[in-house]
Amino acid sequence: IGMEHGPFDMGGLEAYMDGLVDGGPTPSGHITPTVIVELPVQGENAEIIRYNAWQIRQILARGVHGILLCEATSAEAVAAFVESCRYKLNEIGVGYGLKDGTRGVGSEFKAKQKWGLEDDNDYRAKADPWPLNPEGELLLGLKIETLAGLNNCEQILSVPGIGFAEMGPGDMSMSMKIKRIPGAPPDQRIKDASLRVKKECEKNGVKFLEAGTPQNIIEVIDSGARVIAGQSQEAAEIGRKYTDRKMKT
């Protein structure tokens, strides 16, 4: 759900999550599809994240399953982002690049219902970032889409708690002062930026996100991407067949 540029509408998000529960389960047997929300705040520095952590608290309290931080620029900002998504009870990684989480009591009431849980403590335990916590089911992602973020990507992607990341070609082009021409092949500098981010993702066990279509999904998978954007059922079916995978039910 795009809230970087779309409306920051918590009433709408809550109604949307309620509707998903009412319309479920999914074909895979889950209560709802996985819902990941883009944050409006950019990941420029730790202070900006902490001053705007109310956005994170509000979004997670609606019961979503993940958050995407746009314009991740510094490791300190990313650490503050992860901390803002965690409960103080969850201690994996604390003292090893992370401080205590800052989510508070009261955020569980609606969220646990969307996750099919009845006990507050069960939700608090599961609402912790994977793969930092192997039992966690909260998915945190990053967009590295500025030249400053690219230059810091080695430090950024070593922060514990990040599940996936992408190189945002649109904003990266703007940051590099590259004018994109519709239909033209990507500038080599953008290709190089994507490879650099992907390399650091692989080094740190972070899944790389890339857009996939029915036409390029096999190439995207072969390139190492493991989180696919694009909302194409056809691309998903081609990808499953190519990787010999079936939807879990």
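The values are calculated or read from the model by the stated rules, or taken from the named source; none is laboratory data. On a predicted model such as this, the values are computed, not experimentally measured, just so you know. Cβ: placed from backbone, ideal geometry, glycine included. Neighbour counts: every protein chain shown.
Among what's in the stretch 187-205 and is of a type in the set (K, R) and in contact (Cβ under 8 Å) with a residue 24 or more places away in the chain, pick the residue that is nearest to G239 (Cα to Cα). Spell out the reasoning first.
Initially, the stretch 187-205 is screened for residues of a type in the set (K, R), giving 189, 191, 196, 198-199, 203.
From what's left, in contact (Cβ under 8 Å) with a residue 24 or more places away in the chain: 196, 198, 203.
Values: R196: 24, K198: 19, K203: 24 Å.
Top of the filtered list is K198.
Answer with yes or no whether G97 is surrounded by fewer than 18 Cβ atoms within 10 Å (Cβ to Cβ), small (G, A, S) and either in contact with a helix residue (DSSP H, G or I) (Cβ under 7 Å, 6 or more places away or on another chain) or within 19 Å of W130 (Cβ to Cβ) (or both). Don't jump to the end; show me each part of the working.
Working: surrounded by fewer than 18 Cβ atoms within 10 Å (Cβ to Cβ): yes; small (G, A, S): yes; either in contact with a helix residue (DSSP H, G or I) (Cβ under 7 Å, 6 or more places away or on another chain) or within 19 Å of W130 (Cβ to Cβ) (or both): yes.
Taking the combined requirement at face value, the residue satisfies it.
Quick one: in the stretch 172-186, which of the residues that are of a type outside the set (K, R) and at pLDDT 95 or above is farthest from C85 (Cα to Cα)?
As a first pass, look at the stretch 172-186 and keep what is of a type outside the set (K, R): 172-176, 178, 181-186.
Applying the additional criterion that residues be at pLDDT 95 or above yields 172-176, 178.
Values: M172: 26, S173: 30, M174: 29, S175: 28, M176: 31, I178: 34 Å.
Taking the candidates together, the pick is I178.
Taking the condition assigned by TED's automatic domain parsing to the domain that holds I67 and either basic (K, R) or in a loop (DSSP other than H, G, I, E, B) (or both), does S158 pass? Spell out how you get there, then give the answer.
Numbers: assigned by TED's automatic domain parsing to the domain that holds I67: yes; either basic (K, R) or in a loop (DSSP other than H, G, I, E, B) (or both): yes.
Considered against the rule, which asks whether it is assigned by TED's automatic domain parsing to the domain that holds I67 and either basic (K, R) or in a loop (DSSP other than H, G, I, E, B) (or both), S158 comes out as yes.
Quick check: anything in the stretch 225-234 of a type in the set (A, V, I, L, M), within 29 Å of S74 (Cα to Cα) and in the same structural domain as T32 (by TED's automatic domain parsing)?
no
Could you check, for the stretch 105-121, whether at least one of its residues is crowded, with 17+ Cβ neighbours inside 10 Å, part of a helix (DSSP H, G or I) and not charged (D, E, K, R)?
Narrowing the stretch 105-121 to residues crowded, with 17+ Cβ neighbours inside 10 Å: 107-108, 111-112, 114-115, 117.
Okay, now just the ones that are also part of a helix (DSSP H, G or I), so 108, 111-112, 114.
Imposing the further condition that a residue be not charged (D, E, K, R) reduces the set to 111.
Yes: the stretch 105-121 contains one or more residues that are crowded, with 17+ Cβ neighbours inside 10 Å, part of a helix (DSSP H, G or I) and not charged (D, E, K, R).
Among the residues of the stretch 44-79 satisfying the criterion of being under 13 Å from the mean Cα position of the chain (by Cα) and in a loop (DSSP other than H, G, I, E, B), which is surrounded by the most Cβ atoms within 10 Å (Cβ to Cβ)?
Within the stretch 44-79, the match that is surrounded by the most Cβ atoms within 10 Å (Cβ to Cβ) is A72.
Yes/no per residue for (1) in contact with an Asp or Glu (Cβ under 9 Å, 6 or more places away or on another chain); (2) without any contact (Cβ under 8 Å) to a residue 24 or more places away in the chain:
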| residue | (1), (2) |
| --- | --- |
| K207 | no, no |
| T213 | yes, yes |
| Q231 | no, yes |
| I238 | no, no |
| K241 | no, yes |
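Condition first: under 30 Å from N152 (Cα atoms) and either in contact with a Gly (Cβ under 8 Å, 6 or more places away or on another chain) or of a type outside the set (A, V, I, L, M, F, W, C) (or both). Can you find one or more residues in the stretch 11-30 that meet it? Can you show your working first?
To start, the set of residues in the stretch 11-30 that are under 30 Å from N152 (Cα atoms) comprises none.
The answer is no; no qualifying residue exists.
Here is a yes/no grid of residues against (1) touching a strand residue (DSSP E or B) at 6+ places or on another chain (Cβ under 9 Å); (2) closer than 26 Å to M172 by Cα; (3) of a type outside the set (A, V, I, L, M):
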site: G6; (1), (2), (3): yes, yes, yes
site: D22; (1), (2), (3): no, no, yes
site: E38; (1), (2), (3): yes, yes, yes
site: H65; (1), (2), (3): yes, no, yes
site: G97; (1), (2), (3): no, no, yes
site: R103; (1), (2), (3): yes, no, yes
site: K110; (1), (2), (3): no, no, yes
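Could you check, for the stretch 27-36, whether at least one of its residues is in the same structural domain as V159 (by TED's automatic domain parsing), farther than 21 Å from R124 by Cα and in a strand (DSSP E or B)?
Applying the first criterion (in the same structural domain as V159 (by TED's automatic domain parsing)) to the stretch 27-36 yields 27-36.
Subsequent filtering for residues that are farther than 21 Å from R124 by Cα retains 27-29.
Now restrict to residues that are in a strand (DSSP E or B): none.
Looking through the stretch 27-36, none of the residues is in the same structural domain as V159 (by TED's automatic domain parsing), farther than 21 Å from R124 by Cα and in a strand (DSSP E or B).
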